[in-house]
Amino acid sequence: MPILDYAHCEKSTIEFLSIIKNVDTAFYEFCNYNYNFGFRYNELKNTSRWHYNGNDNFLVTTEKGSNNRIVPINGVPKEFIECINDNSEGFATIRYSTFIRLFKKYYPYPYLSVGNKRVSSHLFRYLVVKRLSLQGLSIQEISTFIGEVNILNTLGYLNAIFHY
């Protein structure tokens, strides 16, 4: 199986985002938040779990376990903050099957995998971890940012090898 390096994967993802921006606005915003913050699919689907704590960041109880995830507010679009403040449904209309269908249709490497596991919405998580590492954040800081309790999971994201 051919290997896709990080730089090529990052470039392909940016191309993907520019394509879908003109196809489906909600899907683009969903993917763009994932790309920038490494959200899990369910974290964006269920904005009622988000709580603003008033300290220049957001606090969310993740879908996976009971650990809290803190996401810095800088860079978070105003519309997303309003979505949380209004306690609206956010991206509840984006079904996972729709996400997979659009990802496969528009992503340059629709059958991307890590090991034997297909990657779609989780791709963005891998890229965020790598990007934060390249910016000099420690593995602990990255784990906190993406809401991972187990540092070994974060290392798995960091050391992933993409196949297509």
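The single residue among L102, L44 that is part of a helix (DSSP H, G or I), within 15 Å of the chain's Cα centre (by Cα) and modelled with pLDDT of 65 or more turns out to be L44. Of everything in region 111-124 that is touching a residue at least 40 places away in the same chain (Cβ under 8 Å) and in contact with a helix residue (DSSP H, G or I) (Cβ under 6 Å, 6 or more places away or on another chain), the residue that is farthest from N159 (Cα to Cα) is S121.
Cβ separations smaller than 7 Å between residues 6+ apart or across chains give the following pairs from region 6-27 residues that are surrounded by 13 or more Cβ atoms within 10 Å (Cβ to Cβ) to residues that are assigned to a helix (DSSP H, G or I) and among the charged types (D, E, K, R): Y6/K130.
The values are calculated or read from the model by the stated rules, or taken from the named source; none is laboratory data. None of these values were measured; they are calculated from a predicted model. Cβ sites come from the backbone with ideal geometry, for glycine too, and all protein chains shown count toward neighbours.
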